[in-house]
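Participant: Take a look at the following structure, please.
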Amino acid sequence: MSGTILVTGGCGFIGANFVHRWRRAHPLDPIIVLDKLTYAADPSQLDGLEGVDLVRGDIQNRELVAHLLERHQVRTLVHFAAESHVDNSISGPAAFVQTNLVGTFALLEAARQVWAGDAGCRFLHVSTDEVYGALGATGKFSETMAYAPNSPYSATKAGSDHLVRSYFHTFGLPVITTNCSNNYGPRQHREKLIPLAITRMSRNEAVPVYGDGQQVRDWLFVEDHCAAIETAILRGAPGETYCIGGDNEWKNLELLTFLCELVDAQLGRAQGTSSRLLTFVQDRAGHDRRYAIDAGKIKRELGWAPAEAFRGGLEKTVRWYLG
């Protein structure tokens, strides 16, 4: 697939990494980035990229989206734009409903209007494993599991997934959905766990640990995630869902302890300096205990697998944030 690609939320964490990857792999494809440029977006992340046009705008503006699709003859739309910080969804859920639900609806309607049954186009919807709720001590999320979101964030992402699915079955819109595990890597906003911890450790500030720190997450290097999305665009079947995970489970406290070692080594200070900053705080409301992804489907059917070892990816991440 070639031609102009429209990336929503392309100034955010995963979106910006994806734009960089697509530019390297498809140097002749024009890229349009549509981004509202909220607090979590950074347009400087696209500096130096040729053939990338940034449009400041809201995905809820259906007329703008339709105009971009039509004017630039866009045949691939990759939808990253979302409110994503769970803590913010607890304190202010309205923005999550508007962006994640209403915004996705506007994109789907614009694509349906402009593409008008063109089966060769692709609408790639990027979602999260949090739509499945929480796991016990064993088992993994897969594409066939029932949805059971537990936060306003995950509920709005679950709703957007259902909208995307319905537009395939009702209107034949050529959509693909991906549900990923926790991403880490360069360009992530510093409110998220790993960059927040790195930043606070470097400043000798307290690093919060929610509850007992035994929550388990499956960590995926952002470049591996972007490779999976690219693979889904090029080889995935319309109407399908693909779960993307790193097969890399860590308890939060274990992860932070490992991160302490890497930060201390990078800063050339005594081991144990950062670990003294770990501070247990009240747990997040509705905090899911464990997430883990079974990525067997995308591995079997599309030939994708994560390439970055966790230590190497985390070392790259630490170096990026500490400059």
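The values are calculated or read from the model by the stated rules, or taken from the named source; none is laboratory data. Just so we're clear, the structure is a prediction, and the values are computed from it rather than from any experiment. Here the Cβ positions follow ideal geometry from the backbone for every residue, glycine too, while neighbour counts run over all protein chains shown.
Participant: Just one of the numbered conditions (1) in contact with a strand residue (DSSP E or B) (Cβ under 7 Å, 6 or more places away or on another chain); (2) closer than 30 Å to residue 322 by Cβ; (3) surrounded by fewer than 24 Cβ atoms within 10 Å (Cβ to Cβ) is not true of residue 168; which one?
Facilitator: (2)
Participant: While we're here: Just to be sure I understand, how many residues within region 37-58 are closer than 15 Å to residue 13 by Cα and touching a helix residue (DSSP H, G or I) at 6+ places or on another chain (Cβ under 8 Å)?
Facilitator: We begin by selecting, within region 37-58, every residue closer than 15 Å to residue 13 by Cα; these are 37-47.
Remaining after also requiring touching a helix residue (DSSP H, G or I) at 6+ places or on another chain (Cβ under 8 Å): 37, 40, 42, 45-46.
Within region 37-58, residues that are closer than 15 Å to residue 13 by Cα and touching a helix residue (DSSP H, G or I) at 6+ places or on another chain (Cβ under 8 Å) number 5.
Participant: Taking only region 115-140 into account, find how many residues are under 19 Å from residue 239 (Cα atoms), in contact with a helix residue (DSSP H, G or I) (Cβ under 7 Å, 6 or more places away or on another chain) and of a type outside the set (Lys, Arg).
Facilitator: Matching residues across region 115-140 total 8.
Participant: Quick check on residue 307: is it in contact with a Ser or Thr (Cβ under 9 Å, 6 or more places away or on another chain), touching a residue at least 12 places away in the same chain (Cβ under 8 Å), exposed (fewer than 14 other Cβ atoms within 10 Å of the Cβ) and not in a helix (DSSP H, G or I)? Give the derivation first.
Facilitator: Numbers: in contact with a Ser or Thr (Cβ under 9 Å, 6 or more places away or on another chain): no; touching a residue at least 12 places away in the same chain (Cβ under 8 Å): yes; exposed (fewer than 14 other Cβ atoms within 10 Å of the Cβ): yes; not in a helix (DSSP H, G or I): yes.
Against the criterion (in contact with a Ser or Thr (Cβ under 9 Å, 6 or more places away or on another chain), touching a residue at least 12 places away in the same chain (Cβ under 8 Å), exposed (fewer than 14 other Cβ atoms within 10 Å of the Cβ) and not in a helix (DSSP H, G or I)), residue 307 does not qualify.
Participant: Can residue 63 be described as surrounded by fewer than 16 Cβ atoms within 10 Å (Cβ to Cβ), of a type in the set (Asp, Glu), modelled with pLDDT of 95 or more and out of contact with any helix residue (DSSP H, G or I) (no Cβ under 6 Å at 6 or more places or on another chain)?
Facilitator: Values: surrounded by fewer than 16 Cβ atoms within 10 Å (Cβ to Cβ): yes; of a type in the set (Asp, Glu): yes; modelled with pLDDT of 95 or more: yes; out of contact with any helix residue (DSSP H, G or I) (no Cβ under 6 Å at 6 or more places or on another chain): yes.
Spelling it out, residue 63 is indeed surrounded by fewer than 16 Cβ atoms within 10 Å (Cβ to Cβ), of a type in the set (Asp, Glu), modelled with pLDDT of 95 or more and out of contact with any helix residue (DSSP H, G or I) (no Cβ under 6 Å at 6 or more places or on another chain).
Participant: Separate question: Here are some conditions: (1) within 20 Å of the chain's Cα centre (by Cα); (2) in contact (Cβ under 8 Å) with a residue 60 or more places away in the chain. Residue 252 meets all but one. Which one does it not meet?
Facilitator: (2)
Participant: Would you confirm whether any residue within region 87-98 is hydroxyl-bearing (Ser, Thr, Tyr), crowded, with 21+ Cβ neighbours inside 10 Å and out of contact with any Pro (no Cβ under 8 Å at 6 or more places or on another chain)?
Facilitator: Step one: filter region 87-98 for residues hydroxyl-bearing (Ser, Thr, Tyr), giving 89, 91.
Restricting the remaining residues to those that are crowded, with 21+ Cβ neighbours inside 10 Å gives 89.
Still in the running and out of contact with any Pro (no Cβ under 8 Å at 6 or more places or on another chain): none.
Checked region 87-98: no residue is hydroxyl-bearing (Ser, Thr, Tyr), crowded, with 21+ Cβ neighbours inside 10 Å and out of contact with any Pro (no Cβ under 8 Å at 6 or more places or on another chain).
Participant: Still on this structure, I have one more. Taking the condition of a type in the set (Phe, Trp, Tyr), out of contact with any Pro (no Cβ under 9 Å at 6 or more places or on another chain) and within 30 Å of residue 75 (Cα to Cα), does residue 250 pass? Lay out the reasoning, then the answer.
Facilitator: Numbers: of a type in the set (Phe, Trp, Tyr): yes; out of contact with any Pro (no Cβ under 9 Å at 6 or more places or on another chain): yes; within 30 Å of residue 75 (Cα to Cα): no.
So residue 250 fails the test.
Participant: Do the conditions hold for residue 177, that is, is it assigned to a strand (DSSP E or B) and either more than 14 Å from the chain's Cα centre (by Cα) or among the β-branched types (Val, Ile, Thr) (or both)?
Facilitator: On the way: assigned to a strand (DSSP E or B): yes; either more than 14 Å from the chain's Cα centre (by Cα) or among the β-branched types (Val, Ile, Thr) (or both): yes.
For residue 177, the condition - assigned to a strand (DSSP E or B) and either more than 14 Å from the chain's Cα centre (by Cα) or among the β-branched types (Val, Ile, Thr) (or both) - is met.
Participant: Something else now. Any residue at all in region 281-288 that's of a type in the set (Asp, Glu) and farther than 30 Å from residue 148 by Cβ?
Facilitator: Filtering region 281-288 for residues of a type in the set (Asp, Glu) gives 283, 288.
Add one more test, that the residue is farther than 30 Å from residue 148 by Cβ, and what stays is none.
Looking for residues that are of a type in the set (Asp, Glu) and farther than 30 Å from residue 148 by Cβ, one finds none in region 281-288, hence no.
Participant: Scan the strands (runs of 3 or more DSSP E) fully inside region 193-297 and keep the ones with 3 or more residues being at pLDDT 95 or above and under 28 Å from residue 179 (Cβ atoms). Break it down into steps so the answer makes sense when it comes.
Facilitator: On the way: elements: 207-210, 216-221, 241-244, 249-251, 278-281.
Fully inside region 193-297 and qualifying: 207-210, 216-221, 241-244, 249-251.
Participant: Please find, among 55, 19, the residue that is of a type outside the set (Lys, Arg), buried (at least 21 other Cβ atoms within 10 Å of the Cβ), touching a Leu at 6+ places or on another chain (Cβ under 9 Å) and without any contact (Cβ under 8 Å) to a residue 40 or more places away in the chain. Don't jump to the end; show me each part of the working.
Facilitator: On the way: 55 fails: buried (at least 21 other Cβ atoms within 10 Å of the Cβ).
On inspection, the qualifying residue turns out to be 19.
Participant: Would you point out the residue of region 264-279, among those that are more than 16 Å from residue 209 (Cα to Cα) and touching an Asp or Glu at 6+ places or on another chain (Cβ under 6 Å), that is surrounded by the fewest Cβ atoms within 10 Å (Cβ to Cβ)? Give the derivation first.
Facilitator: Let us first name the residues in region 264-279 that are more than 16 Å from residue 209 (Cα to Cα), namely 264-273.
Of the ones still in play, those that are also touching an Asp or Glu at 6+ places or on another chain (Cβ under 6 Å) are 271, 273.
Values: 271: 10, 273: 14.
Looking at residues that are more than 16 Å from residue 209 (Cα to Cα) and touching an Asp or Glu at 6+ places or on another chain (Cβ under 6 Å), I get 271.
Participant: I've got another one for you. With the checklist (1) out of contact with any strand residue (DSSP E or B) (no Cβ under 7 Å at 6 or more places or on another chain); (2) closer than 22 Å to residue 122 by Cβ in hand, flag the one item residue 42 doesn't pass.
Facilitator: Status for residue 42: all satisfied but (2).
Participant: To continue, here is another question. Give region 146-167 a look and list any residue that's under 18 Å from residue 289 (Cα atoms) and either part of a helix (DSSP H, G or I) or of a type in the set (Asp, Glu) (or both), or say none. Can you show your working first?
Facilitator: From region 146-167, those under 18 Å from residue 289 (Cα atoms) are 146-155; that's our starting set.
Matches in region 146-167: 152, 153, 154, 155.
Participant: Counting only residues that are closer than 27 Å to residue 219 by Cβ and in contact (Cβ under 8 Å) with a residue 40 or more places away in the chain, give me the helices (runs of 4 or more DSSP H) lying completely in region 62-141 with at least 1 of them.
Facilitator: Working: elements: 62-71, 86-91, 104-115.
Qualifying helices (runs of 4 or more DSSP H): 86-91, 104-115.
Participant: Which residues, counting only those in region 48-61, are part of a loop (DSSP other than H, G, I, E, B) and either in contact with a strand residue (DSSP E or B) (Cβ under 6 Å, 6 or more places away or on another chain) or closer than 17 Å to residue 34 by Cα (or both)? Please lay out each step first, then the result.
Facilitator: Start the filter on region 48-61 by keeping residues that are part of a loop (DSSP other than H, G, I, E, B), which leaves 48-51, 57-61.
Matches in region 48-61: 49, 50, 51, 57, 58, 59, 60, 61.
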